[in-house]
Amino acid sequence: MLVASVARIAFGQGGPPMITDDPGTSGNGKWEDNLAIIFGHRPNETSTDLPEIDLNYGVGDHIQLTLQTAPVLLKRSGHGLIGGPGGTEAAVKWRFFDEATSGFDMSVFPRVIFNIVQSSVRRGLAEEGTRFQIPFQIAKTFGRWHADAEFGPRASTVGRSEWLNGIVCGFELANPTILMAELHDESRMNLSRDVLTLNVGLRHEFTENYILIVSMGHELRSPDQPTALIGYFGMQFVY
């Protein structure tokens, strides 16, 4: 089974369109919504989230509520196209350090990922079980350079627990445009049998309310199946 892998008061360079998240929150009473097409391709199958809906709402300046879901289309070699609901994610982010006062931003972003319908699991459109993540994010700005890191465990009601970590570096190419590069890793808790992904992305602000977010990446290693090509093409709406 292939599941695509896949604006804040304190802007980091993680978060959509990258896999690694950042400590930024939406701002009190503000929405930050991302609509995107996400795909993952292996030699024998292609999975597409169409569209991925990622809704974020700020409660105060340091809390963000998140709800994310997507219909999934899956095409395997020798089989017809199938579709249905993918996994749904509910999360709360708390940014407890600010760069302005502490020299860096830091947050915790606990989330639960679950399936609304079990038929999606049987058809290969969603992962089995319910997953729980408790990742931490940290970010620092160095002039026109930005760096973000995320790390933490992911437990599941089915299968092994995993360890997730990633790092994103961003460079302000011009005032409305930022280029990003990322390394993201998912492994067993003993750091064995990891899936390492290299990802590059771009953010371009048409206005402060409409932001283009795109990325392309490739798994550098994947121990259990052929490596995947992944992509994210979306728009961010801030209001």
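If I model a spin label at Ile63 and Leu50 as a point 7 Å from the Cα along the Cα→Cβ vector, what separation in nanometres do I get?
Between Ile63 and Leu50, the simple spin-label model gives 3.9 nm.
How about Lys75: which aspartates and glutamates have a C-alpha closer than 14 Å to its C-alpha, ignoring those fewer than 8 places off in the same chain?
Result set, ordered by chain and number: Glu45, Asp49.
HN-Hα J couplings of segment 31-38 from phi, Karplus 6.51/-1.76/1.60, θ = phi - 60°, integer Hz, Gly and Pro as x?
Once θ is set to phi - 60°, the couplings for segment 31-38 become 9, 9, 10, 10, 10, 8, 9, 10 Hz.
Under a crude label model (7 Å from the Cα following the beta-carbon direction), how far is Asp98 from Tyr210 in nanometres?
Between Asp98 and Tyr210, the simple spin-label model gives 3.1 nm.
State, in angstrom, two size descriptors of segment 38-104 derived from its alpha carbons: Rg to one decimal place and Dmax to the nearest whole number.
Cα only, segment 38-104: 17.9, 57 Å (Rg, Dmax).
Taking a probe of 1.4 angstrom, what is the accessible area of Val158 in Å², to the nearest 10?
The accessible area of Val158 comes to roughly 60 Å².
Taking the Cα centre as origin and putting +1 on Lys and Arg beta-carbons and -1 on Asp and Glu beta-carbons, what dipole magnitude results for the chain, to the nearest 20 debye?
That gives a dipole near 620 debye.
Output ³J(HN,Hα) for segment 41-47: one whole-Hz value per residue in order, computed from phi by the Karplus curve 6.51 cos²θ - 1.76 cosθ + 1.60 with θ = phi - 60°, and x for Gly and Pro.
Once θ is set to phi - 60°, the couplings for segment 41-47 become 10, 10, x, 10, 7, 9, 10 Hz.
Which one is right for this structure if Rg and Dmax of the Cα atoms in Å is calculated from it: [x] 19.9, 71; [y] 17.2, 57; [z] 18.5, 56?
[y]
With θ set to phi - 60°, apply the Karplus curve 6.51 cos²θ - 1.76 cosθ + 1.60 along segment 189-198 and write out the HN-Hα couplings as whole Hz, x wherever there is a Gly or Pro.
Those phi angles translate into 4, 8, 6, 9, 6, 8, 10, 9, 10, 9 Hz.
At 1.4 Å probe size, with the rest of the protein present, what percent of the exposed accessible area of segment 97-239 is carbon and sulfur atoms?
On the way: 4720 of 7450 Å².
Carbon with sulfur: 63 percent of the solvent-accessible area.
What accessible area, in Å² to the nearest ten, does a 1.4 Å probe give for Leu220?
Answer for Leu220: close to 100 Å² accessible.
Counting heavy atoms of the protein chains only and a 1.4 Å probe, report the per residue accessible area for the chain as a whole number of Å². All intermediate terms of the calculation are to be shown ahead of the outcome.
Working: 11230 Å² over 239 residues.
Value returned for the chain: 47 Å² of accessible area per residue.
Out of the total accessible area of segment 41-86 (probe 1.4 Å, heavy atoms of protein only), what percent is carbon and sulfur? Walk me through the numbers on the way to the answer.
Details: 1510 of 2250 Å².
Accessible surface attributable to carbon and sulfur in segment 41-86 totals 67 percent.
Give the lysines whose C-alpha is closer than 28 Å to that of Lys30, dropping any in the same chain fewer than 8 places away, or say none.
Of all the lysines, those that pass the test against Lys30 - Cα under 28 Å, at least 8 places apart if same chain - are Lys93, Lys140.
With labels modelled as points extended 7 Å from the Cα through the Cβ direction, what inter-label distance (nm, one decimal) is found for Leu229 paired with Ile116?
In this crude spin-label approximation the distance works out to 3.1 nm.
Using modelled backbone amide H atoms (1.01 Å from N, in-plane), which distant-in-sequence or interchain residues come within less than 5 Å of Gly87's amide H?
The list, which skips near neighbours in sequence, is Glu127.
Assuming R0 = 22 Å, can you tell me the calculated FRET efficiency for the pair Cys169 and Ile134, based on Cβ-Cβ distance, to the nearest 0.05? Let's see the in-between values first.
Working: r = 24 Å, r/R0 = 1.10.
Once the sixth-power term is evaluated, E becomes 0.35.
The values are calculated or read from the model by the stated rules, or taken from the named source; none is laboratory data. It should be emphasised that the depicted structure is a prediction, and the values quoted were computed from it without experimental measurement. Every residue, glycine as well, gets a Cβ built from its backbone with ideal geometry; the counts of neighbours run over all protein chains shown. Surface areas here come from the heavy atoms of the whole protein model, side chains and all, with no ligands, DNA or RNA. Shrake-Rupley method; radii C 1.70, N 1.55, O 1.52, S 1.80 Å.
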